[in-house]
Amino acid sequence: MNRPLSESLLPPEEHVLSTLEADGRRRWLKPRLSKGAYYRKRRLVAYALFAVWTVLPFVRIGGQPAVLLDVPARRFTLFGFTFLPTDTVLLALFLLALLLAFFMATALFGRVWCGWACPQTVYLEFLFRPIERLFEGTAGRGGPPKKPVSAARTAGKVIVSFLACLYVANTFLAYFVGVERLGRWIVAGPFAHPAAFLVVAAVTALMMFDFLYFREQMCILTCPYGRLQSVLLDRDSLIVAYDRRRGEPRGKASKKALGEAGDCVDCMRCVTTCPTGIDIREGLQMECIHCTQCIDACDDVMHRLGRAPRLVRYSSKNRDAGAPKRLLRVRTVLYPVLLGIVLTAFFVVLAHKTDVQTTVVRNPGSPFVVTDEGAVRNVFQVKMTNRRKTPRTVTVRVTRPAAARVVAGHERVEIPGGRTVVAPVTVEIGRSAWAGHPVPVTLEVRDAHDDTLLGSDEIRFLGPLGAVHPAKKETP
Ligand code: SF4
Ligand code: SF4
């Protein structure tokens, strides 16, 4: 006899995921909003972040965008400095510093990033869920709407969410293409720039998928940071925790007076408000994004019962166990030290970076020629990249050895802002100064107007072995 599939499957031994039913279906969450002290603070932070993320692409520092991640050109401008493809060391140090700063913040403050500043949380909790509550009216109750939502309300929610996604997608894109170019694309319309239009459409579609459908699954299933944090936290890191000693045994409010119950009245408000659907009373869990909604929910319950707040609160594993707070731990010492070393290295390398990235390579073909007068000449290609947005007029000079000089080439070179120019330059060493072995030469790129040094590079100058006689004309 054929049994239904649900009967033929073995039930799971334990609950697997907070967003998964026992039969594998998704458990849809409609978390109840808890407007407590932490929520108000998070909302302020969220609005500030909305403003910063929206305005930042418009901000310019020294004529350049504050942030522009030009992936096709492999140029990353961050707060006035442009990282070029040749700045691998600098970029690696910057990313390492960022990583260590994350590690340090996690060791000290737990998942503060997830709950307070991650764009996924901030946009979902303070833009898309409010839109949903506006149309579906579940504010303050939690759970699915009591009555089925009308098609008009659903359509209203989707349209407003779509417009919000369009705004977020365009903001996101502005970081990669710049506001000027994005503005031109918008004005010109989708058919003038189909590729750009497709990018905006794809990003908008992805955001619709994420903020209307995928939601908390992003944090629970896909985000690597969430998983990393379980190893980045220690017993003294800040976590959101339930005060078991105070709360247990759970029971009705009346039982507390009889000494038969703790402070937790098992009202489930901390569970129904949780955006990842977990029960914080079961201890620290990977799904907890430290959003503090359960703290606000429980504080409200305690307030109504006339009991002290913070039954659910910011704490640490050691604090929960009654151990004294330890600020000085291996990771809280190691991370700042490593961060200090990496930042020092970053600024040392940065201090040696110049406004015009200069690379000198040998001209293809003959490495040197000897003139009728016995002078030795090398032709080099000087590749100059202007890190600034403003154009520069530069001159190329040889500063070492003293006997070398530029005899032909581009003494005045125009480099447009943010562009690379390659200039062939001929360097000569006179017969009397040529000692018969390769010598290093230094080429400098200077501002044509005020002679400021903008960049330099070194290369070996080649010539014939031994001294050159005027009559003896050589080419290799
Ligand atoms: S909100 Fe507070 S009282 Fe209610 S179940 Fe959670 S911990 Fe217990
Ligand atoms: S357990 Fe509390 S802090 Fe953690 S995600 Fe749920 S509501 Fe937020």
Original post:
What number, rounded to the nearest 500 deg cm²/dmol, is the helix-based mean residue ellipticity at 222 nm of the chain, given -39500 (n - 2.57) per DSSP H run of at least four residues and division by all its residues?
Top reply: -11000 deg cm²/dmol
Original post:
Quick one: Debye curve from the C-alpha atoms of region 177-231, no solvent, what's log10 I(q)/I(0) at q = 0.14, 0.21, 0.25, 0.30 Å⁻¹?
Top reply: -0.57, -0.79, -0.90, -1.09
Original post:
What does region 329-394 give for Rg and for Dmax, in Å, if only its C-alpha atoms count?
Top reply: 21.9, 74
Subject >> K252 versus Q381: modelled label distance in nm, points set 7 Å from Cα along the beta carbon direction >> reply: 8.7 nm
Subject >> Mean separation of Cα contacts under 8 Å (6+ apart) over length of the chain, as relative contact order % >> reply: 14 percent
Subject >> Bins of 5 Å, starting at 0 and running to the largest distance - Cα pair percent for region 392-450 >> reply: 4, 17, 26, 21, 14, 9, 6, 2, 0
**OP:** Specify which residue in the list V370, W116, N386 is farthest towards the positive end of the charge dipole of the chain, using unit charges on the beta carbon of Lys, Arg (+1) and Asp, Glu (-1), about the Cα centre.
**Re:** W116
Subject >> 5 Å-binned pair-distance histogram of region 356-461 (Cα, whole percent) >> reply: 3, 13, 25, 24, 16, 10, 6, 2, 1
**OP:** Would you work out which of P57, I239, A192 lies farthest towards the positive end of the dipole of the chain, given +1 charges on the beta-carbon of Lys and Arg and -1 on that of Asp and Glu, about the Cα centre?
**Re:** I239
Original post:
Assigning unit charges at the beta carbon (Lys, Arg +1; Asp, Glu -1) and nothing else, what dipole magnitude in debye, to the nearest 20, does the chain show about its Cα centre?
Top reply: 1460 debye
**OP:** Mind jotting down a quarter of the surface of the convex hull over the alpha carbons of the chain, in square nanometres, one decimal?
**Re:** 36.8 nm²
Original post:
Residue separation times 0.36 nm, minus the C-alpha to C-alpha distance between L305 and R419: what's the value?
Top reply: 34.3 nm
Original post:
Gap in Å between the Cα centre of region 78-92 and the Cα centre of region 305-384?
Top reply: 10 Å
**OP:** Sort by residue number and report every cysteine in the chain with no other cysteine beta carbon within a distance under 4.7 Å.
**Re:** C114, C118, C165, C219, C223, C264, C267, C274, C288, C291, C298
Original post:
Kirkwood hydrodynamic radius for region 37-230: how many Å is it when counted over pairs of different Cα atoms?
Top reply: 19.1 Å
Subject >> Spin-label model distance (nm) - L20 vs R244, 7 Å beyond Cα toward Cβ >> reply: 2.5 nm
Subject >> Cα-centre dipole for region 36-192 with unit charges at Cβ (Lys and Arg positive, Asp and Glu negative), debye to 20 >> reply: 700 debye
Subject >> Peptides 375-387, 340-352 ordered by average Cβ neighbours within 10 Å, highest first >> reply: 375-387, 340-352
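No lab work stands behind these numbers, since they all come straight from the coordinates. Not measured: the values here are computed from a predicted model. All Cβ positions, glycine included, derive from the backbone under ideal geometry; neighbour counts span all protein chains shown.
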